[in-house]
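First comes the structure, then the notes that go with it.
The values are calculated or read from the model by the stated rules, or taken from the named source; none is laboratory data. The structure presented is a predicted model; accordingly, all values stated were derived computationally and were not measured. A quick note on method: Cβ atoms are made from the backbone with ideal geometry, for glycine too, and the neighbour counts reach across all protein chains shown.
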Amino acid sequence: MTQYIVSSGVQSGITLNNGDTMSVFSTGTASDITIFGGGQEIVYDGGKSTLSVVSGTRVMFGGITTITNGLETVSAGGTSYDTKVRGLGHEVVLSGGAAQNTSVEGTLYVSSGGSATSTTIFANGNEIVSSGGKETGTVVSNGREKVLLGGESDAAQVLDHGTQIVKGLALDTSLEEGVQDIEGGTASSTTVVALGEQYLDSGSSVDTYLEGGYGDVYQFVYGGVASFTTVLGTGYQEVYSGGSSVGTKIEGGLEDVEGIADVTTVGADGPYGGALYVYSGGEAIGTRIVDGFEIVSSGGTTRDTFIDGGVLTLTSGAKATGGITFESNSGTLLVHEKRMPDVVISGFQAGDNIDLAYVPYSAGDSVSVNTPGIVTVSAGGKTYNLHIAGAKVGETDFSFGSGSILTRGAPAQPAFLRPAESTPPVATILAQKPVITPASAAPDAAAGGASSASVAPCWNHINALAIQQETVAQVFSAHAS
């Protein structure tokens, strides 16, 4: 058993074995110390420990660091620099203590009032940020960071199948081939790129940015609320029953909804626009379709929908409530069944189109307004009524023409509209959900949530551009002139 006392200057290159101790006092520095099981290093207030390696368990207390049987604890006023925690090693940062540039292949605990900066977590490594603790600038590389209720992690990078579990607060996290699993906490301003995945089991995700392009990226909303997500390129937002989204912006990507989607904007930043699919049990509220697509399948509902240059498709069995409003840019309502939507259609004007896909057109068909606000299409010996706001009795501005298209005024029909003899092939296809659901959503019980081992093989990734091309082809394949 050897005792080392460092009261001033630098003591370096020492190996502490079982029973060996090193005490580092104010103005003293311990550098490049290797501590095996049973060895201990105690760094008092004002002392420093740098480039230390722990091969067992570590405890730090009383100043900065006490290492007993491989456990290091950093207490008030103490700072641990460039420490390496390996194997069964543990580093504990207590209130007022700090750890900088720690490499973790064991376990790092950041307790209430403690802080850690620029930690790197490797395979089999774990960082636990307790209530009141804070970590800044973690790099999770095939390891795991767990942020408990009341804990905070800022500016983490989760890479190479690493996992961040959020029960507290995570700010400005970046996921690249990594996973963020939100379990009752809040993740704000997360960026997901290159095969990254965000899971929202409960709690909230705010301002998530899904940027596909170098591989598919996902946000899976099983519960809680995802607010102000932006979906680009090969990005996907999946909102399951029990989950909800608010203020999603789809700009070239996809959103699938079996839960609630509130105030979604479907844009067209990509060559084919974005797409919102509403499946059975799902409801989209206040959607604004701008040059993109909203497709409502049987059992799905769209409420208070705005068409501002895009296409709203109601398949057989879909439900529209509240109202459908055409805005300033020319748009299309595509009704893929013989039953007309029982809602008021507002703002319908020259340049807009209502495509009654299953109403047969012939030269003898007619359209009339016999009741204020009710436009009647007479085709194939049957009548079909649409509630169009502002329609006046005797008005002759409505036309039902080739392709079963209802228009108002006399603009030329768009070139993509299908000829009358076409049979729409999309009816059964649109009701089928793209296969991007998990093969198994069971969390890793040992990890307390999703882990790289359980998550990586779960998804049948598909190419978003191919889906959007197929969607366009399905909706408009028979429309080509």
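Quick notes on this structure:
- Among the residues of the range 287-321, just one is over 16 Å from Ala357 (Cβ atoms), in a loop (DSSP other than H, G, I, E, B) and among the aliphatic types (A, V, I, L, M), namely Val290.
- Every condition in (1) in a strand (DSSP E or B); (2) modelled with pLDDT of 95 or more holds for Tyr236 except the one numbered (2).
Residues are listed down the side, and each one gets a yes or a no for (1) among the aromatic types (Phe, Trp, Tyr); (2) part of a loop (DSSP other than H, G, I, E, B); (3) modelled with pLDDT of 60 or more; (4) more than 21 Å from Gly114 (Cα to Cα):
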residue: Tyr4; (1), (2), (3), (4): yes, no, yes, yes
residue: Gln11; (1), (2), (3), (4): no, no, yes, yes
residue: Ser23; (1), (2), (3), (4): no, no, yes, yes
residue: Ser26; (1), (2), (3), (4): no, yes, yes, no
residue: Gly37; (1), (2), (3), (4): no, yes, yes, yes
residue: Thr73; (1), (2), (3), (4): no, no, yes, no
residue: Gly87; (1), (2), (3), (4): no, yes, yes, yes
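- Output for the range 379-396, where each listed residue is assigned to a strand (DSSP E or B) and either surrounded by 15 or more Cβ atoms within 10 Å (Cβ to Cβ) or under 42 Å from the mean Cα position of the chain (by Cα) (or both): Ala379, Tyr384, Asn385, Leu386, His387, Ile388
- Hey, Asp201 of a type in the set (D, E, K, R), part of a strand (DSSP E or B) and crowded, with 24+ Cβ neighbours inside 10 Å or not: no
- Selection status of Val278, over 25 Å from Asp397 (Cα atoms), modelled with pLDDT under 95, among the β-branched types (Val, Ile, Thr) and crowded, with 17+ Cβ neighbours inside 10 Å: no
- Qualifying residue in the range 327-339 (condition: at positive phi and either surrounded by fewer than 23 Cβ atoms within 10 Å (Cβ to Cβ) or touching a Gly at 6+ places or on another chain (Cβ under 8 Å) (or both)): no
- All told, Ser153 falls short of being polar (S, T, N, Q), surrounded by fewer than 22 Cβ atoms within 10 Å (Cβ to Cβ) and at pLDDT 95 or above.
- Taken over the range 239-258, the criterion of being over 13 Å from the mean Cα position of the chain (by Cα), crowded, with 23+ Cβ neighbours inside 10 Å and part of a loop (DSSP other than H, G, I, E, B) is satisfied by Glu258 alone.
- If you go through the range 115-129 and keep only what is closer than 15 Å to Arg144 by Cβ, at pLDDT 95 or above and of a type in the set (Gly, Ala, Ser), you end up with just Ala116.
- For the range 265-275, the candidate set comprises residues that are farther than 13 Å from Asp308 by Cα and at pLDDT 85 or above; within that set, the residue that is surrounded by the fewest Cβ atoms within 10 Å (Cβ to Cβ) is Ala275.
- Test: residue in the range 172-194 that is charged (D, E, K, R), assigned to a loop (DSSP other than H, G, I, E, B) and buried (at least 18 other Cβ atoms within 10 Å of the Cβ): yes
- Residue match in the range 18-39 (condition: loosely packed, with under 14 Cβ neighbours inside 10 Å and under 15 Å from Thr83 (Cβ atoms)): no
- Members of the range 204-216 found to be part of a loop (DSSP other than H, G, I, E, B), modelled with pLDDT under 95 and among the acidic types (Asp, Glu), listed by number: Asp216
- A single member of Gly203, Gly213 is in contact with a Leu (Cβ under 8 Å, 6 or more places away or on another chain) and either at positive phi or among the basic types (Lys, Arg) (or both), and it is Gly213.
- Some residue of the range 338-346 being at pLDDT 95 or above and under 21 Å from Ser280 (Cβ atoms): yes
- Candidates Ser80, Ser55: the one that is among the small types (Gly, Ala, Ser), at pLDDT 75 or above and under 18 Å from Thr120 (Cα atoms) is Ser80.
- The condition of being surrounded by fewer than 22 Cβ atoms within 10 Å (Cβ to Cβ), touching a Leu at 6+ places or on another chain (Cβ under 6 Å) and either modelled with pLDDT of 95 or more or more than 30 Å from Phe25 (Cα to Cα) (or both) does not hold for Ser112.
- Unique residue being of a type outside the set (S, T, N, Q), farther than 19 Å from Leu254 by Cβ, surrounded by 15 or more Cβ atoms within 10 Å (Cβ to Cβ) and touching a Pro at 6+ places or on another chain (Cβ under 6 Å) when the list is Gly323, Gly373, Gly351, Gly347: Gly351
- Figure legend. Inter-residue proximity from the range 194-211: first residues more than 13 Å from Gln237 (Cα to Cα) and among the aliphatic types (A, V, I, L, M), second residues buried (at least 22 other Cβ atoms within 10 Å of the Cβ) and modelled with pLDDT under 95, beta-carbon distance below 7 Å, spacing 6+ or different chains. Indicated pairs: Leu195/Asp216; Leu195/Val217.
- Sole exception among (1) more than 25 Å from Glu177 (Cα to Cα); (2) modelled with pLDDT under 95; (3) under 29 Å from the mean Cα position of the chain (by Cα) for Val104, by number: (1)
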